[in-house]
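The values are calculated or read from the model by the stated rules, or taken from the named source; none is laboratory data. These numbers were taken from a predicted model, which means no experiment stands behind them. Ideal geometry is used to build each Cβ from the backbone, glycine not excepted, and the neighbour counts take in all protein chains shown.
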Amino acid sequence: MKILQRLSALVFPFYRGMLLSIVIGAATIGSSVALMATSAYLISRAALQPSIAEIQTTIVAVRLFGITRGVFRYLERYVSHNVTFQILTHLRVWFYEVLEPVTPAAIQDRHSGDLLSRSTNDVDTLREFYLRVLAPPLVAAVIIIGVTFFMGTFDSSLAFTLAFFLLLVGVGIPVSTRWLAKAPQQSLIDLRSHIQTSIVDTVQGLADLSAYSQEDRYLNAVSDLNHNFRNAQKRVAVINALQAGLSNLSMYVAIWAVLLIGIMLVNAGSIDGVFLATLVLASLASFEAVLPLGQLSHPIDQSQAAGERLFEIADTPPAVVDQPVAAKINSSIENILFNNLSFRYSNHEPEVLRDISFELSRGQSLAVVGPSGAGKSTLINLLLRFWEVPEDSILLDGQDIRTFPQEEIRSLFSVVSQYSHLFNATIRDNLLVAQPSATVEDLIQATRLAEIDGFIQSLPQGNDTWIGEQGHLLSGGERQRLAIARALLLDRPYLLLDEPTANLDALTEQAILKTIHNNLGHKTILMITHRIVGLDNFDHIIVMDKGQIKQQGKHEELIGDDGLYRRMWSIQDK
Amino acid sequence: MLDKRLWTETRKHRLLMALTIGLAFLGGVFTVAQAYWMSQVISDVFLQQATLAAVQRPMALLLGVMVLRAVALFGTELSANYLAIVIKSNLRQRLLAHILALGPGYTQSESSGELSNTLMEGVEHLEKYFSEYLPQIFISALIPLTILFSVFSLDLLSGLVLLFTAPLIPYFMVLIGRATEALTQRQWTSLSRLSAHFLDVVQGLVTLKALGRSKQQATTVRIISDQYAQATLGVLRVAFLSALVLELLATISTAIIAVQVGLRLLYGGLDFAPALFLLILAPEFYQPLRNLGARFHAGAEGVAAANRIFEVFETPLPEKSLIAPKGTLSDFASIQFKHVSLSYQERSQLALSDISFEINKGQKVALVGASGAGKSSIANLLMRFVDPQEGQIVVDGSDLQKIDRAIWRNQIAWVPQFPHLFFDSLAANIAFGHPDATQEQIEAAARDAELDDFIQSLPDGYATQVGERGLRLSGGQSQRVALARAFLRNPNFLILDEPTAHLDPQTETQLQKAIRRLMKERTTLIIVHRLDTVVDADQILVFSDGRIVQGGTHTELLEQEGIYRQLQQSFVGSP
């Protein structure tokens, strides 16, 4: 319930539009109630054969209500969709803003790709939270109150009877069937995920299945699960059919009861018989508001699940919080010092860095080498303030990195990583993301330094070429060069390269490293790599393993030592 | 939109279909009866001043009819849903069997994620077609017809009003549907494009943050989302007109009937009871037609899902192998490729062209070359995941295609680049091809693959669940499971398809020992990306663009000018 409350609070700013659409929605159903009521009254009056003048107004009313319903329905749809789109925009911006401070710390350990695509789906689901969860009961409430008042003008027992049945169909039956369906629904969900796993196993592992002639075994396993799934679906179907049957039965019984009480009231002379048909048909029409409430269970569950997942992210405290009085950073930081840095991602995980000390000065080029899992990328994550570091373990010109605002620290660095994201947009847009105000000259300059200018010019659409999802229309090398050009658009003192050539073939790797060495030698460079390629150009190399510094020095020195560096080098190039 | 293929599916469940339609028809009859008794009672009390006691019998009948109507509705819902459930379950099973029969050659060329999705979600998407749309077609015909029949027998004029307005609803529905279909489609496309854009931004958040541009991006999200909303609302303004017209048709027709019978009552041309009867039935008459409109979307969605499902069904199965003449095959002396060419259906280019070579018992044959050169296709052919379009693969003089697949595969252990771990225990994953293996045999195989220590260190040991929902193993560990599978099989012929290509150099070196042990004294075909592992091979075949461009031993090849030497240099040459 809490989730639904928070969701309601989230969409509350749009209460004006929602209110309007609820009013129009109620007017839509109200029109059909009025149409049936006036029509019944019309023929009842006509049966008494008065002069036509006496029923003229009623005829006009019947015609009017015959038209208003369609018009209101149109307006209601328009208004409610308008609100829905406003809500969608709001939800997107909201989610982006909650995600921004907790990225990447909060999404690191969960399967981040899955998490993100599920989250954006969740946002899409919640777009309909108002339309499908909030609006129907509110419209129904207006109608219930309206018809109860209308009935009350004739007799209170009529009003109570109808209100009782409307609530029974709108609330009582849906709530009890929801309760009844809970266990079967859950087993259905479990079975579904079982069968899903089994199907994925069978399809993805088909080559392995065939190689060991196990196809029949898995086909039979899926068959059994499928059979159970079918039975579980049948159980849920019985409950759903029961709900539909009971709701309709209640509606008919309500009409019957209204008729019965009406007859007694007419017999007793407390109401005129001319209204009898009106009472019955108005009651019948009013059920249109409550019958759909039986279908609310599914959207509620969906919204709840989606909301739960999004709020879980929203409730994650950010890994790094700026100190209240943050110092101003001097953009000419001359020196970065790692000072006995030890680090673990969370309390129940082992240390990924232990007693790391080294220094990076302006103009220097430094490489950190080590097998995967050595903790190299963590260094960059900490430098970019994606995670919190212990006090005084990273110093900028002698001052603790924690005292500066994170945004300003990031503005010291141009970053290229193996995971640099390219957007599904044009080359130009991908570059401008870094520096929206960049001029054409800036773009040319940056692409030239990254040595991708020639390639871009060779494209028929040049900078306006669309590069596809994750830049998949480009080759791996072109993607990395584009990422480098983008980082270079930001003229920042430090260049951080996090495995910039991972996943590239040996020739491309060498070419890119050459570009970096030739064109960017004047920058301060910190490069992380697990491949010992092109390192002879670096001023200093730090060799890490299992979170510790094992060796350091220049390439020639390290090759000479009998250590991890030489071992890595010899395995790689045997 | 009565899809023929989907209609065929209902044939096996005629009883449920008949029950659904029959009960829907009964529901229509009860609707008419309900309106009849209701109008009778009201008329008697209103005009004849009948007392409750006097209308006791029609009141009781009315209640009875109402209960029956609710029961009929329950029955219709239930049988329609049952119908959908059994058809889906049936289709899923057959579709999976078909995919299995198509074999790995098919699943490799399709996205396995998409296929799994079609099996699960795709089939589920048919639900509403069978439970809502299909029955609604019959209901929309039967109930209005029943009502029309009873109205005509009572009042010709009202009957005509209904008769002439009824076809207008489906007519306008189709007309407007067509006019707005393109618009609605456009709206959906831009909606999903917008979602994709948002996902793209969210996925790029770490990069944006590293660039120091993450805060500003919230504004971009808002602007793009708003622009989209404006554009879409413009489209919807037109698309919603369909709702307007349909509602208008139904309510105006009801209003016309009310006014028309009212006026005739006024001048004594009609009695009150039949007039009321007509008024009660008018909305009931239009309701099924409107429901059909509402469920039209479910129908279209079902047909869309069906298209993909039947596309898979229509992929022809590979020819069944003839049983081997000997019935069994215990070992073989040689495998010959004779001018073999292969192309995968959707790619026009040949994956392999005119390949000839020979593997003799006890030999180690290595395949090298760039990715995409056709090396893995050789493994696929030998595993019989695919069959060649041209040429022959001959095993001891008989065509491989004439040997029973399962018997042939029994001779082979295949270690792929990415072995699949099934959601099951480690023991079951190792004993995968041999469910009757003893625990000792399994542990021995794990020891050979140097996996035993790791498994023993796990709290649940060999019973540890791995795969999709279990423990996730690293690349190296998964590969060891595949090696253990191979050790347990103890095959005559070993196929290693780049078993270490995606591993880091350290892990790769550790695995080499177990791989060498497995290769020992076995006929082996090994596909590699690194040359150091093939130095001692009896025969090295160099692939390029689907052809064998060089062949020989390591030393022979090094002496030649060619790709092999270039490859060799690029490994050694890098500092």
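Residue check, A:Lys2 against (1) within 11 Å of another protein chain (Cβ to nearest Cβ); (2) out of contact with any helix residue (DSSP H, G or I) (no Cβ under 7 Å at 6 or more places or on another chain); (3) of a type in the set (D, E, K, R), all met but one. Which one?
(1)
Restricting to region B:103-126, what's the tally of residues that are more than 7 Å from chain A (Cβ to nearest Cβ), in a helix (DSSP H, G or I) and surrounded by 20 or more Cβ atoms within 10 Å (Cβ to Cβ)?
5
Among the residues of region B:73-102, which ones are surrounded by 22 or more Cβ atoms within 10 Å (Cβ to Cβ), under 21 Å from the mean Cα position of the chain (by Cα) and more than 7 Å from chain A (Cβ to nearest Cβ)?
B:Leu83, B:Ala84, B:Ile87, B:Lys88, listed by residue number.
Residues of region A:183-208 being facing chain B (nearest Cβ under 8 Å) and under 16 Å from A:Lys234 (Cβ atoms), which ones?
A:Arg192, A:Ile195
Being closer than 28 Å to B:Tyr82 by Cα, more than 7 Å from chain B (Cβ to nearest Cβ), hydrophobic (A, V, I, L, M, F, W, C) and in contact (Cβ under 8 Å) with a residue 40 or more places away in the chain narrows it down to one of A:Leu265, A:Leu246, A:Leu279, so name that one.
Only one candidate passes the filter, namely A:Leu246.
Just name the residue that is nearest to B:Met383 (Cα to Cα) out of those in region A:209-236 that are assigned to a helix (DSSP H, G or I), facing another protein chain (nearest Cβ under 7 Å) and free of Cβ contacts under 8 Å to residues at least 24 places away in the same chain.
Looking at residues that are assigned to a helix (DSSP H, G or I), facing another protein chain (nearest Cβ under 7 Å) and free of Cβ contacts under 8 Å to residues at least 24 places away in the same chain, I get A:Ala211.
Kindly list, by first and then second residue, each pair from a residue in region B:46-61 that is farther than 19 Å from B:Leu276 by Cα and at the interface with chain A (Cβ under 7 Å from one of its Cβ atoms) to a residue that is among the hydrophobic types (A, V, I, L, M, F, W, C) and buried (at least 17 other Cβ atoms within 10 Å of the Cβ), limited to pairs with Cβ atoms under 9 Å and residues at least 6 apart or on different chains.
B:Thr51/A:Ile263; B:Thr51/B:Val45; B:Leu52/A:Leu260; B:Leu52/A:Ile263; B:Leu52/B:Val45; B:Leu52/B:Met59
Would region A:518-531 turn up any residue that is assigned to a loop (DSSP other than H, G, I, E, B), at the interface with another protein chain (Cβ under 9 Å from one of its Cβ atoms), more than 32 Å from the chain's Cα centre (by Cα) and closer than 27 Å to A:Phe455 by Cα?
Among the residues of region A:518-531, at least one is assigned to a loop (DSSP other than H, G, I, E, B), at the interface with another protein chain (Cβ under 9 Å from one of its Cβ atoms), more than 32 Å from the chain's Cα centre (by Cα) and closer than 27 Å to A:Phe455 by Cα, which makes the answer yes.
Go through region A:2-40 and report how many residues are free of Cβ contacts under 8 Å to residues at least 24 places away in the same chain and within 18 Å of A:Ala314 (Cβ to Cβ). Break it down into steps so the answer makes sense when it comes.
So in region A:2-40, the residues free of Cβ contacts under 8 Å to residues at least 24 places away in the same chain come out as A:2, A:5, A:9, A:12, A:15-16, A:19.
Checking which are within 18 Å of A:Ala314 (Cβ to Cβ) leaves us with A:2, A:5, A:9, A:12.
Matching residues across region A:2-40 total 4.
Within region B:526-568, track down each residue that is part of a loop (DSSP other than H, G, I, E, B) and within 14 Å of B:Val415 (Cβ to Cβ). Please lay out each step first, then the result.
If we filter region B:526-568 for residues that are part of a loop (DSSP other than H, G, I, E, B), which is where we start, we get B:528-530, B:534-538, B:545-546, B:553, B:560-562.
Across region B:526-568, the qualifying residue is only B:Val528.
What residue, of B:Gly374, B:Gly467, B:Gly476, is under 30 Å from the mean Cα position of the chain (by Cα) and within 13 Å of another protein chain (Cβ to nearest Cβ)?
When all the criteria are applied, what remains is B:Gly467.
For region A:344-394, which residues satisfy the criterion of being part of a strand (DSSP E or B) and free of Cβ contacts under 8 Å to residues at least 60 places away in the same chain?
First, the residues of region A:344-394 that are part of a strand (DSSP E or B): A:353-361, A:365-369, A:394.
Hits for region A:344-394 are A:Glu359, A:Ile394.
Just the residues that are closer than 30 Å to A:Leu284 by Cβ and not in a helix (DSSP H, G or I), please, taken from region A:1-50.
From region A:1-50, those closer than 30 Å to A:Leu284 by Cβ are A:18-50; that's our starting set.
A:Leu48, A:Gln49, A:Pro50 - these are the residues of region A:1-50 that are closer than 30 Å to A:Leu284 by Cβ and not in a helix (DSSP H, G or I).
Only one of these is touching a Ser or Thr at 6+ places or on another chain (Cβ under 7 Å), part of a helix (DSSP H, G or I), of a type in the set (S, T, N, Q) and at pLDDT below 95: B:Thr76, B:Thr8. Name it. Give the steps one after another, and end with the answer.
Working: B:Thr8 fails: touching a Ser or Thr at 6+ places or on another chain (Cβ under 7 Å).
The match here is B:Thr76.
Answer yes or no as to whether B:Ala250 is within 30 Å of A:Leu48 (Cα to Cα), within 9 Å of another protein chain (Cβ to nearest Cβ) and among the aliphatic types (A, V, I, L, M). Break it down into steps so the answer makes sense when it comes.
On the way: within 30 Å of A:Leu48 (Cα to Cα): yes; within 9 Å of another protein chain (Cβ to nearest Cβ): yes; among the aliphatic types (A, V, I, L, M): yes.
Yes, satisfied.
Wholly within region B:144-240, which helices (runs of 4 or more DSSP H) include no fewer than the required count, namely at least 3 residues that are surrounded by fewer than 18 Cβ atoms within 10 Å (Cβ to Cβ)?
Output list reads B:156-165, B:168-203, B:214-239.
With the structure loaded, tell me whether A:Asn248 is part of a helix (DSSP H, G or I), surrounded by fewer than 19 Cβ atoms within 10 Å (Cβ to Cβ) and either modelled with pLDDT under 90 or not hydrophobic (A, V, I, L, M, F, W, C) (or both) or whether it fails that test.
No, not satisfied.
Looking at B:Ser190, B:Ser214, B:Ser195, which one is modelled with pLDDT of 85 or more and small (Gly, Ala, Ser)?
The conditions single out B:Ser214.
Does B:Val206 fit the bill of being within 30 Å of A:Thr378 (Cα to Cα) and in contact (Cβ under 8 Å) with a residue 12 or more places away in the chain?
Working: within 30 Å of A:Thr378 (Cα to Cα): yes; in contact (Cβ under 8 Å) with a residue 12 or more places away in the chain: no.
No; evaluated as a whole, the condition is false for this residue.
Taking into account only those residues within region A:399-448 that are away from every other protein chain (no Cβ under 11 Å) and β-branched (Val, Ile, Thr), which is surrounded by the most Cβ atoms within 10 Å (Cβ to Cβ)?
Step by step, filter region A:399-448, then rank; the result is A:Ile427.
Can B:Pro416 be described as crowded, with 21+ Cβ neighbours inside 10 Å, of a type outside the set (Asp, Glu) and at the interface with chain A (Cβ under 8 Å from one of its Cβ atoms)?
Against the criterion (crowded, with 21+ Cβ neighbours inside 10 Å, of a type outside the set (Asp, Glu) and at the interface with chain A (Cβ under 8 Å from one of its Cβ atoms)), B:Pro416 qualifies.
Out of the residues in region A:73-125 that are under 14 Å from the mean Cα position of the chain (by Cα) and of a type in the set (Asp, Glu), which is modelled with the lowest pLDDT?
So the residue we want is A:Asp114.
Looking at A:Ile67, A:Ile52, A:Ile43, A:Ile59, which one is in contact (Cβ under 8 Å) with a residue 60 or more places away in the chain and at the interface with chain B (Cβ under 7 Å from one of its Cβ atoms)?
Values: A:Ile67 fails: in contact (Cβ under 8 Å) with a residue 60 or more places away in the chain; A:Ile52 fails: in contact (Cβ under 8 Å) with a residue 60 or more places away in the chain; A:Ile59 fails: in contact (Cβ under 8 Å) with a residue 60 or more places away in the chain.
Of A:Ile67, A:Ile52, A:Ile43, A:Ile59, the one residue that is in contact (Cβ under 8 Å) with a residue 60 or more places away in the chain and at the interface with chain B (Cβ under 7 Å from one of its Cβ atoms) is A:Ile43.
Taking the stated definitions as given, is B:Ala255 part of a helix (DSSP H, G or I) and in contact with a Gly (Cβ under 6 Å, 6 or more places away or on another chain)?
Numbers: part of a helix (DSSP H, G or I): yes; in contact with a Gly (Cβ under 6 Å, 6 or more places away or on another chain): yes.
In short, yes.
Only one residue in B:Ala70, B:Ala35 is touching a residue at least 24 places away in the same chain (Cβ under 8 Å), in the same structural domain as B:Gly159 (by TED's automatic domain parsing) and buried (at least 21 other Cβ atoms within 10 Å of the Cβ), so which one is that?
B:Ala35
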